[in-house]
Structure formats: C-alpha cells, structure tokens
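Notes to accompany the following structure.
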Amino acid sequence: MKKSNNAKPITENDSRQAQFRLLLAVPLSALAVGLGYAVLSLPSQAPGLSDHVAAKLEISGVSNPVTAVLLNFRGYDTLLELGVLLLALLGVWSLGAAPKRREPSPGLVLELLSRLLVPLLILVAGYLLWVGGHAPGGAFQAGSVLATAGVLLLLAGWRLDTRFSGLPLRLALVAGLGVFLLVAVVLMLAGGHLLEYPPSFAGALILLIEAAATFSIGTALAALFLGGRPEKGSHR
Amino acid sequence: MIPAFLYALVGVGLFTLGLYALIIHAHLLRKILALNVMASGVFLVLVALAARTQGMPDPVAHAMVITGIVVAVSATALALVLMLRVRIATGRAELAKEPLE
Amino acid sequence: MLALDIPWGVMAIILPLAGAMSCFLWPRCALPLGLVTALAIVICVAGLGWQLLEQGAQRYAVGGWGAPLGIDLYADGLTLLMLMMTAVVGLGISIYSCGYFNQDRARHFWPLWMFLWAALNALFLSADIFNLYVTLELLGLAAVALVALAGGADALTGAMRYLLVSLLGSLCYLLGVALLYHSFGSVDIATLAERVESSPAVWAAMGLMITGLLLKTALFPLHFWLPSAHASAPAPVSALLSALVVKASFYILLRLWLEIFPFAGAALAQLLGLLGAAAVLWGGLQALRQTRLKMLIAYSTVAQLGYLFLAFPLASITGWTGALYVLLSHAAAKTAMFMAAGNILYFGGHDRIVDLDRVVQHLPLTITAFALAGISIMGLPPSGGFIAKWLLLEAAIRSGQWWWGIALILGGLLSAAWVFKVVGYAFTRSEVPHEARAVPAAMEWTALLMAVVAILLGLFVPWLLALMEIGLPFGGEGSAG
C-alpha cells in the first residue's frame, strides 16, 4: 500500500515490511479473539440502566430517554463535552491563521444550491432541536446540520463580515458552554445541586441549553472546517 | 439477542483493524483515519450491547456514544489541522523516526 | 457555618471553565483574568481541604440523581492531595508564564491552560469511569494544543505524536469502560466495586484500561512519546505536563486498581513493578546521555514515573503513601527544574549542557533552584524525595521484597550523576559565550519557590500523612495488604 517515491530498489525494505506486518497480525488476531470471547461471555440479557431511566423519565422534563440522559441525568458529561469541542477549536486557532484558499468561483450549481439548501438546513436544524424532546434528535444532531449549512456557505465562497469575526463570533462559540454552565450554577445557587433542575422548569431549561448548544456546535464545526483562526473577513 | 452480539463482534473487529492500520501506516492521515475506525469500533460495541433488553434499548449507552462521537470529531479536527502544520513545518505528513515501526 | 456548605470541589471545576471562557472572549485581559481565576481556584481547594478535615470524605451527586443513574463526584484525602498539588504547581506556573509568554502567545496560552486546569480538577474529583473518559480527553487535547504552542517542527511533531498516543490510550480505556458497563450496568466506581467479580469481560476491560492508562502515563516501554513532547513544549507547559498531566492518568489507574480490580493478582503487580524498575534505570541512563537540558529533564520524568509503579508489588499502605509522596515531590521538583531550564533557555537562547558557560554568575537563583530540586529528585534528606524513597524502602523491606530497594538506590545514584553534571557545567567556562537576555525576576523566583516547596515537603510529613488518611483511600490497616 505504502509506496516510497525514491527510485532505488526497495525490495529488501519491502520484504522486511511484509515480515513486520505478518508478525504484527499474530498478536492482533489474538487480541481480536480474546476481546471477541470477552464480549460473547457477557450475559445475553442485561437491562443496563434502562429501568432507572424509565423510572425517572417523568420528572426529567423531556420524554426522549436519550435526551433525558444527555441533558439531565448525565448532563455534566455533556457540559464537559461542549468544553472539549470549544477546546478543540481553541487548539486549532492557536496553531495559526486559516490557510489562504484559492477562491474558486463557486459555479452556478453550487451557488444556486447553497441558496436553496441553506434556509432548508437551518429549518431542519430547528426541527431536530425541537423534536429531540420526545423523539430521536437533539442539540448535536441539530448542530451538525447547522454546521453543514455553514460549510456549504463557506464552500460557495461566502465569508463572515469582519465586523462579526471578533467578539461576536467568539460569543457565538462560547454560548453553548456558557449557557449550560450558567444554568448549572444558577440551579446550584438556588439551593440544589449543580445542574439539579426543578421538575417543573426542567423542560424549558433543557430547551434553552439545547438551543444555545445547537448554535455553538454549528458555529464551532463550521469554524473548524476553516482550519484556523479567521483573520480579516472570514466565515459565518 | 444474537444480532446484538454480532454487531459487537464487528465492533471488536473494527477496533483491532484500526489498531493494525495505526501501527502499519506511516502517513499521518492514515493514522488519524485508523484512530477513527477504532473509535467507530468502540462505539459499535457500546451501542450494540445496549440492545440486550426486553423493550427499549438502554439509552445511557446511546448517550455515551453521542458524547463519544462529539469528542472524536473534536479530536479529529485538531489532529487534521496539526497534521497540516506538521506538513508545512517538515515537508512531510509523517512522524520522523516513528518508534512504533 | 455557611462556608462549610459551599461545594468547594464543584467550584474548583466551574471556576477554571468560566476562566477559560472569559480569557477566550477577552484576549486582551487574558492575563489578569487568568491570574484571578488561578487565585480563586487555590482558595476553592483550600476550602475543600477544610471541608474534608471537618466532615471527612465527601460525595456529591451532580444533578441530584446520585449513582448509578447520575454522575457522582467524590473527594477523599487522595483527591485532596492531588488537587493541592495541582493548585500549588498551577499557581506557580501561572505566575511564571506572566513573564515567559509574549502578548500574542499569552492570548492562546491562558484559555488552554485554564481548560487544562479544569480538566485536571474534574478528573481528580470524578467518581464515574465514563466521566473520567471525558475529562481525560479534555486533558489530552488541552495538553497537545499547549505543546504545539511552541511552534516549529520539533514541537509540532512532538505534539502530533502525543495526540495520536493520547487518543489511542483513551480509546483503549473507553472500550474497557464499555465492557465494564455492559457487564455490571453502572459506570460509578463505588457501585462497580460492589458488583465486580472476575469474568472474561472484566479481565479484558482491565487489560484495556490499564494499557491505555499506562500509555498515557508513559511507563517504560510505553514512554517513547514523552521526551519529544515534554522537551519541545514551552517551559511552563513542559513543567505542567511533567508535574501534573502524566500524574492524572496514574491517579485513575491507582483508583481503578484499588477499587475495581482488587483481584488483579500478584503476577500483574510484579509486572508493573518490574516495568517501573526498568523505567527508573532506563530513564536515568538516557538522562545521563542527553546533551540538551530539557531532554535530560524529560528523561528524568520517565525515571521518576517508574518509582510510582514500585508500589504495586509492595501493596501496603506504606508503599502507596511512598508512591504518592514521589508523585507530590516530583511535581514540585520537576516544575522547578523545567522552570530553571526555561530561564536558562530564555537567557542564553539554547539549552546545550556543555555550553552552559558559568551561567551561575548570571542566574544564581535559577541554578540554586535547579540544585535544590535536584536534591529532592536524588532523594537526599531533608527533601520530599527522600521521604518518598524512605517510605518505599521501608515497604519493600517489610514485605520481604528487598530487591526493589536496589532499583531505588541505583535510580538515586543515576539522578545524582546527571544533577552534578549539569551543575558542574553551570560553573564551567565554555567556548561559546551567551547572547545574554535579562530574565524577568518573577520567573527566577517562582522556580526557586517551587524548589523550596519540594524541600519543604520533607519537613511537613505528619501533616500531609494526616491529610492523606481522610476517607482511607488505601483501605484500613487490614484490608490493603
């Protein structure tokens, strides 16, 4: 698979490579067999935590169990995970400015399609966000759809106005983690534990967090697509 | 019940295949892809075994996979940009003197 | 007693996260914002310590659900010492980096460093193996981005290798988590500890998780990524990687070993001990061979990490305490050493050991810091490193496994050899003169302070041991043996 470009005969090197691969395949096959055996040894019926989730679903504020786990029961994981996304973006930005792309003329098809698709994608993202409360969907799905709209715009040559590429863009990126953290802390100050929703407000608070998260996830993923810090007029 | 284990075994297979590719290939893009294959394998194990219930599959494992995917996407994005920077700095998208090989 | 009700531990996670966001939002004020956050975190950790002293070990149910449905945070003496170590080293690094980074770098450094601090605190407080995975990733990505901050081919390649290794380690760990969750229906450490029993899936999970964590902890022979990453990073980043980041994965390993895998068996413990001893010798020899100061210090980290694993075959409270003492004193001493190396690099523009050229005349404080830290690394009294080795030696003799003592003594001799080599060259004239640049006083003093902390650790032993015993992390007198 890997071909070196240098012209000298590399047969010896190749045969050593082949030997190494063969040698490696043995322990890795053993590993696969061992892991497979471990998996097969698991009990064939295991409820996991589904009973616990079902018992508390009523007071979680949403009726989709996965969303209930993500935003309520294990909301702290999700909070940190929004941190991971923001951190990845910080890491990418710290590596330097976005590489200069040759601006290709988008072409008629791409331009027309993006005009057509972007509003539709935003609509779909909104729908996914809303539907996440009671059916498959939610902030991450909605955020990724939103990001595709952003990527499509970037591909079509659209760039964010310079006015927005400073603090406004950073605010958009921070919004998800910020709102989540703020809600968590306010709930703690109100006398509960960190992120302990009162059942009557849980639904509304989760929707608020998810809306902010969707916006930030969409922005962050589209910004990651640029591959660097936006300098002087970039991106949505 | 049987399909759950079948999918989990496929997950184990993906994990080891990814590990093999990670060690074998020198090109960083292939290494990053290999890690993604490994991650998919882990997610498949997590999500497949969640179906060993009477009714609805275990939602906690599903939530873990969603968390895992976002983490994997973030890490991949950072890795890809870092790879480009390594390429610019050294002229090659490979690690010099890779000790694993 | 309102202040006792504040969840200080939670605050120690929230504050650096908030700090990271505000440093990112207002990059011009990143430095003051970061320093204020650092101080606030130190106060929170002190508050948590007070809380633990008053009320004993604490469990906190995030979201009010409680394990196994929700995520629990847990703090005992072990957690507290790790948090205190992070706070002290973190404060030192924060002050040091004020002088080290220019405006442009600082704007990227602070948010990343705050994220890293949040990840460390969250990791030490977490009692949930899946949550630990998320914190590990947060930690890994922050560390990689910080290494790459140095720029240049070396740092970028080092960061890239580090990222690949870190992701591989996390994935192994995560597959282990998946197997444990699907075996026992919980990811809470305490719940797992109750339910766990030996089965093929548990053994597979144990193998995967231990391998993944050893990879991240860089135990010989999985240390190959560490020297390049730690040596090529900016000095404050090298310090926090060596002092804190590698310890985090060791901490998880220790927790899992003590709580979930008590049946692991003596053979595995002996293997870890052997690898540890090999790391001590190999790291020490490699350190002696290095020509660059930062590379030398990085290899010494490989050796010092080896000591941590000598406690596994000893498996006694004294042994674990010794390992923990290695961890703490190494954190302070290694921070001081990397800071000193950073000062020398800042001053002369290079870190070639043979060309140190009487640097002691220009940077007396820095060389003092290096020598004091060296005393602790070698394990001479009255330093923290001495107490650590003493405890390990005592545990080795008590358990009738005196041969581990040989590794301790040889490791100490090797460290002594390279410390004297470096200090010697610092007094020697060389052919290549320095192109001197003034080093900010804050950078010299923080290096010295961290070295003094490493020495002081040897003088406050009973006090620290009392903290360590809160909640009995290593079991009662009878159960740990």
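The values are calculated or read from the model by the stated rules, or taken from the named source; none is laboratory data. What you see is a predicted model; the values in this text were computed from it and never measured. Positions of Cβ are generated from backbone atoms using ideal geometry, with glycine treated the same way; all protein chains shown enter the neighbour counts. Remember, those area values only see protein heavy atoms, side chains included, never the ligands or the DNA or RNA. Shrake-Rupley method; radii C 1.70, N 1.55, O 1.52, S 1.80 Å.
For this structure, a couple of remarks:
- Computed over chain A with a Gaussian network model linking Cα atoms closer than 10 Å, the most mobile of A:P136, A:P47, A:P198 is A:P47.
- Between the stretch C:175-194 and the stretch C:208-243, the C-alpha centres lie 27 angstrom from each other.
- Restricting the stretch C:8-59 to chymotrypsin sites (Phe, Trp or Tyr not before Pro) in coil, as DSSP defines it, with at most 11 other Cβ within 10 Å: none
- Computed from label points 7 Å out along Cα-Cβ, the spacing between A:Y127 and A:L167 is 3.8 nm.
- Overall, the stretch C:34-180 carries a charge dipole of about 240 debye about its Cα centre when +1 sits on the Cβ of Lys and Arg and -1 on the Cβ of Asp and Glu, all other atoms neutral.
- Euclidean distance between Cα centres, the stretch B:25-90 to the stretch C:101-146, Å: 19 Å
- Diffusion coefficient, µm² s⁻¹, Stokes-Einstein with Kirkwood Rh over alpha-carbon pairs of the stretch C:260-335 at 10 °C and 1.306 mPa s: 122 µm²/s
- Global form of chain B, assessed from the alpha-carbon gyration tensor, a/c cut-off 1.5: oblate
- Distances between placed amide hydrogens fall under 5 Å for C:G66 paired with C:I71, all partners being 5 or more residues away or on another chain.
- Pairs of Lys in chain C closer than 16 Å at Cα, counting only those 8 or more apart or on different chains: 4
- Selected from A:L79, A:L23, A:L224 as most flexible by GNM, with chain A as the system and alpha-carbon contacts under 10 Å: A:L23
- Interface size B-A, as summed buried accessible area [1.4 Å probe, Å², nearest 100]: 3600 Å²
- Sequence-distant contacts, meaning Cα pairs under 8 Å at least 6 residues apart, place the relative contact order of chain C at 16 percent.
- Proportion of all alpha-carbon pairs of the stretch C:151-285 beyond 20 Å (%): 50 percent
- Taking the square roots of 5 times each eigenvalue of the Cα gyration tensor of chain C, largest first, gives ellipsoid semi-axes of 34, 26, 21 Å.
- Stretch gain in nm, segment C:A40-C:R292, where the contour uses 0.36 nm per residue and the Cα spacing is subtracted: 87.0 nm
- Cα-Cα pairs of the stretch C:19-160 separated by more than 18 Å (percent): 61 percent
- With the charge dipole of chain B set up from +1 on Lys and Arg Cβ and -1 on Asp and Glu Cβ about the Cα centre, the Cα lying farthest toward the positive end among the listed residues B:T90, B:S74, B:L28 is that of B:T90.
- Averaged over peptide C:5-12, the number of partner chain Cβ atoms lying within 10 Å of each residue's Cβ comes to 2.
- Association of chains A and C removes close to 4300 square angstrom of accessible area from solvent, both sides included, for a probe radius of 1.4 Å.
- Derived scalar couplings ³J(HN,Hα) [the stretch C:221-233; Karplus, 6.51 cos²θ - 1.76 cosθ + 1.60; whole Hz; x for Gly, Pro]: x, 9, 8, 3, 7, 5, x, 5, 5, 6, 7, 8, 6
- Leading residue at positive end of dipole, chain C (Cβ point charges), from C:A311, C:A127, C:Y60: C:A311
- Measuring only protein heavy atoms, the 1.4 Å probe finds C:E469 accessible over about 120 Å².
- Per residue, the accessible area of the protein assembly as shown comes to 37 Å², computed with a 1.4 Å probe over protein heavy atoms only.
- Every helix of 4 or more DSSP H residues in the protein assembly as shown counts as -39500 (n - 2.57), and over all residues that averages to -24500 deg cm²/dmol at 222 nm.
- Beta bridge orientation in the protein assembly as shown: antiparallel %, DSSP, nearest 5: 90 percent
- Cα gyration tensor category, rounded, prolate or oblate, for the stretch B:22-77 with a/c compared to 1.5: oblate
- Per the Debye formula on identical point scatterers at the alpha carbon atoms of the stretch C:73-224, with no solvent, log10 I(q)/I(0) at q = 0.12, 0.13, 0.18 Å⁻¹ is -0.60, -0.70, -1.16.
- Angle of helix C:364-378 to the longest C-alpha principal axis of chain C, folded into 0 to 90 degrees and rounded to 10: 40°.
- Kirkwood hydrodynamic radius of the stretch C:267-481, Cα pairs, Å: 17.6 Å
- Most mobile listed residue (B:L78, B:L28, B:L14) in chain B, GNM with C-alpha springs under 10 Å: B:L78
- The stretch C:380-475, Rg to Rh (Cα coordinates; Rh as Kirkwood inverse mean 1/r): 1.12
- Reported to the nearest whole Å, the Cα centre-to-centre distance from the stretch C:376-440 to the stretch A:32-82 is 48.
- Descending Cα extents along the principal axes, the stretch A:50-226, whole Å: 56, 32, 25
- Anisotropy class of the protein assembly as shown from Cα gyration tensor, a/c 1.5 cut: rounded
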